[in-house]
Amino acid sequence: ITADGTAWSWGTNDDGKLGHDDTDRRLRPERMRKDLFDGQEVVAVSAGADHTLAITADGTAWSWGTNDDGKLGHDDTDRRLRPERMRKDLFDGQEVVAVSAGADHTLAITADGTA
């Protein structure tokens, strides 16, 4: 993440885990378009084996990549090739302040300290 809130990604891109709306690998850092995050600045990211998470300045959690066992948190198992906003009602309306992507799971902490 750069100082202006831009996220960059590169490497293998199986199941869209780089978030560029495709599955092409990137051999060098490539800027992620801000429109993918509704114009919000990215303040945190976490990369798992096959999925990626981000938090934007407004406390919204985003996820993309492979979705085995629903680890993207969208109530399905469909992969996402680009960041998709996670519904705030999933977090009792709280802003998300931290996320962590494991190999096959995801964790989040909300503003009230709930994990």
* Just name the residue that is modelled with the highest pLDDT out of those in region 1-34 that are of a type in the set (Asp, Glu) and under 14 Å from the mean Cα position of the chain (by Cα). => ASP21
* Scan region 1-46 residue by residue and report those that are of a type in the set (A, V, I, L, M) and either assigned to a loop (DSSP other than H, G, I, E, B) or surrounded by fewer than 16 Cβ atoms within 10 Å (Cβ to Cβ) (or both). => ILE1, ALA3, ALA7, LEU18, LEU27, MET32, VAL43
* Residue by residue through region 57-111, note down the ones that are in contact (Cβ under 8 Å) with a residue 12 or more places away in the chain, open to solvent by 50 Å² or more (accessible area, probe 1.4 Å) and not in a loop (DSSP other than H, G, I, E, B). => ASP68, ASP69, ARG82, GLU84, ARG85, LYS88, LEU90, VAL97, SER100, ILE109
* Any chance you could count how many residues in region 62-115 are under 20 Å from ASP21 (Cβ atoms) and not charged (D, E, K, R)? => 14
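The values are calculated or read from the model by the stated rules, or taken from the named source; none is laboratory data. Please read all numbers here as calculations on a predicted model, not as lab measurements. Backbone-built Cβ (ideal geometry, glycine too); neighbour counts: all protein chains shown. For accessibility, only protein heavy atoms count, side chains too; no ligands or nucleic acids. Shrake-Rupley method; radii C 1.70, N 1.55, O 1.52, S 1.80 Å.
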